[in-house]
1. Would you calculate a helix-derived [θ] at 222 nm for chain B, using -39,500 (n - 2.57) for each DSSP H run of n ≥ 4 and dividing by the full residue count, to the nearest 500?
2. Take the Cα pairs of the stretch B:199-328, get the Kirkwood Rh, then feed it into Stokes-Einstein at 25 °C and 0.890 mPa s and tell me D in µm²/s.
3. Calculate the all-directions average of the projected area of the stretch B:81-232's alpha-carbon convex hull, and give it in nm².
4. Taking the protein assembly as shown, how much of its Cα-Cα pair set, in percent, is spaced more than 40 angstrom apart?
5. Just to be sure I understand the curve: with the Debye formula and one point per C-alpha of the stretch A:53-97, what is log10 I(q)/I(0) at q = 0.26 Å⁻¹?
6. Got the relative contact order for chain B handy, in percent, Cα pairs under 8 Å and 6 or more residues apart?
7. Treating the beta-carbon of each Lys and Arg as +1 and of each Asp and Glu as -1, no other charges, what is the dipole magnitude of the stretch B:63-326 about its Cα centre, to the nearest 20 debye?
8. Angle, helix B:118-133 long axis vs. longest principal axis of chain B, Cα atoms, 0 to 90°, nearest 10?
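Each value in this text was obtained by applying a stated rule to the coordinates, not by laboratory testing. This is a predicted model, so every value here is computed, not measured. Ideal geometry is used to build each Cβ from the backbone, glycine not excepted, and the neighbour counts take in all protein chains shown.
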Amino acid sequence: MSVVAFDPTAPLTPSGNLRRRQIFSRLAESGATLAAVVAVAVLGIVIYSVAVHGASALSLDFLTKGAPIGIGPAILGTALIVLVATAIAMPIGVLVALYLSEFAGRRATTQIRLTLDLLNGLPSIIIGLFIFKMLVDHRQQSGFAAAVALAIIELPMIARGSQEVLLLVPGSMREAADALGVSRWRTVLKVILPSALGGIVTATVLAIARAAGETAPLILVCSVFDARHFSGNIGEAIPNIPVMIFELSEEANPEGFARAWGAGLVLVAFILVTSLGARAMHARSKRKMSS
Amino acid sequence: MSASPAALRDPRAARRRDRRKRADRIGDRLLYGVCLAAALLAAAVIVAIGYQVIHGAGPAISKFGLGFLVDTNWQPNFGEFGAGSLLFGTAVSSFMALLLGAPIAIAIGLYLSLLAPAGVRGVVAPLVELLAAIPSVILGFWGILVLAPFVHEKIEPWLHDTLGFIPLFGPPQTTGSSIFTAGLILTIMVIPIVASISRDLFLAVPRDVQDGAGALGATRWEVVRGVVLPSTASGVVAASLLGLGRALGEAIAVTQVIGAGSSIKASLFETGDTLAARIANQFPGALTELHKASLFYLGAILLVIGLLSNLFAQWIGRRFGYAGKVAR
């Protein structure tokens with residue numbers, strides 16, 4: 001390196017290599033910011049499209065009446081399927097979480113968590129094939145089969161979510177219960193579950209938001225239905241929103257598209273409200289737990 | 001619990017205590033048993049899924065064997081089935097999604113963990129995650145009516161004009177349904193998954209190491225390049241694999257925009273099909289047992305690929321010590 005003569009009049013801004021490095025860093029920063037902007041913009045465009053196209057279809061008749069006019073039966077059908085699915089998945093999910101947090105040793109914990117993660121990562125169409133083989137093949141499509149399929153999708157989400165909050169329950173509470181001679185099952189029912197309830201509900205609501213829009217399994221196990229009225233009989237195929245949107249989207253019929261946008265708006269609104277609500281609750285209960 | 005000497009001597013109280021003890025013993029056993037049963041059920045489900053899907057594929061497996069994987073013929077009317085072109089379509093669309101999505105998602109992760117002010121982060125992070133909450137059927141419907149026309153009229157001609165010398169960017173077809181459009185939709189699905197995992201990874205990089213690099217005169221990019229990315233590389237790879245798994249298995253949105261083509265072409269702007277999309281598209285209308293079995297065979301292939309990519313992601317995560325972060 002040559003000795004550079006000190007020049008008191010030189011500006012105090014970086015020059016040469018440093019300047020190049022700083023510019024590059026600035027560019028990288030703007031790139032990262034741009035990426036975030038793009039993602040939010042895509043979300044905005046999708047929701048905007050659904051809202052604008054869907055709003056014109058929306059009316060009281062649309063929400064309550066049957067097929068040619070509205071999507072009433074499909075709304076009820078989706079609600080029923082998701083309700084039954086959650087009634088199946090939530091108890092099992094919470095019990096799995098309890099097993100993981102209260103009983104399982106290290107090895108069992110790793111294995112069951114791995115199982116849950118694999119189940120969570122499984123393409124939903126495969127779960128559809130499975131349920132088709134188990135409950136539909138040689139019989140008939142049914143809302144019950146759809147509910148079981150959605151329950152399998154919800155199970156790992158509820159179990160993992162609940163397990164995370166159960167781990168947050170302070171060990172001192174368990175020790176306090178033990179010290180008072182309280183038996184394990186009473187501790188679990190009276191102490192641990194109540195204090196983790198908020199988190200369990202959050203996980204369940206998130207799972208419901210996911211299940212409500214799940215389409216692939218329903219196409220295989222609950223797609224041939226009469227969309228004019230809602231029978232409430234879970235033993236036969238019942239109308240539901242996701243399959244309806246899918247089928248309308250496959251026909252090139254502008255009127256059908258309008259109805260699909262309307263149904264899409266109902267579904268997206270439900271999902272956004274539930275998942276945002278669950279997130280808000282999650283943030284609150286987390287603050288409460290950690291304080 | 002009061003245990004005064006008088007109460008201890010009282011036979012009725014003693015009986016009560018015994019009853020309670022017995023109830024506690026039974027309750028403990030019962031709770032343990034029920035919890036264990038639930039955990040075993042979860043494990044049994046995944047085994048049953050594997051068994052049933054492979055069992056359903058039985059007729060097709062015995063008829064076509066492993067040649068199914070390379071055979072590109074798919075003609076239900078003639079009883080000829082092969083997964084070749086579908087494997088091709090799955091690979092191309094998923095890798096395109098990963099190639100486009102992973103860098104964007106990692107950049108978002110960096111923005112959310114290192115750049116964004118706390119207030120902005122609190123808004124943008126949930127919004128990015130909401131992108132994952134949009135049902136695929138709606139994303140696909142939007143893809144048909146909004147994205148595909150735009151891609152067909154603007155992006156495809158432009159790419160063909162500027163990069164047409166590469167066979168990937170052939171002449172645009174009559175509609176916007178193409179592997180390219182499917183790849184874009186999958187990109188949108190991959191981004192939130194990879195972004196939220198990599199953000200958590202970046203947040204876990206110790207602050208003082210980054211500050212140390214900064215104190216040595218590193219610019220922000222150099223801190224990322226020299227400290228943040230190297231220490232989280234394995235986790236980022238695992239996150240990308242999970243994103244890839246999502247893209248591979250997506251059925252609905254892809255079947256809506258990919259155009260259900262059945263041949264292998266170099267151009268991304270041609271129609272194509274993927275394993276999952278073919279199942280969603282043809283299963284409801286499948287009449288012959290062989291057709292159904294072949295669709296189950298596709299499912300079995302998908303299952304194996306999905307499980308492998310997922311296990312590989314878990315293994316990388318665990319091997320390099322990010323298990324807790326990657327396993328969501």
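1. Working: 14 runs with 225 residues, N = 328.
Rounded to the nearest 500, it is -23000 deg cm²/dmol.
2. Working: Rh = 17.7 Å.
Answer, rounded: 139 µm²/s.
3. Details: hull surface 49.5 nm².
One quarter of the hull surface, i.e. the mean projection, equals 12.4 nm².
4. Numbers: 64524 of 191271 pairs.
Result: 34 percent of Cα pairs exceed 40 Å.
5. Each listed q maps to, in turn, -0.86.
6. Numbers: 446 pairs, mean separation 81.1, N = 328.
Across chain B, relative contact order equals 25 percent.
7. About 580 debye.
8. Long axis of B:118-133 versus the principal axis of chain B: about 70 degrees.
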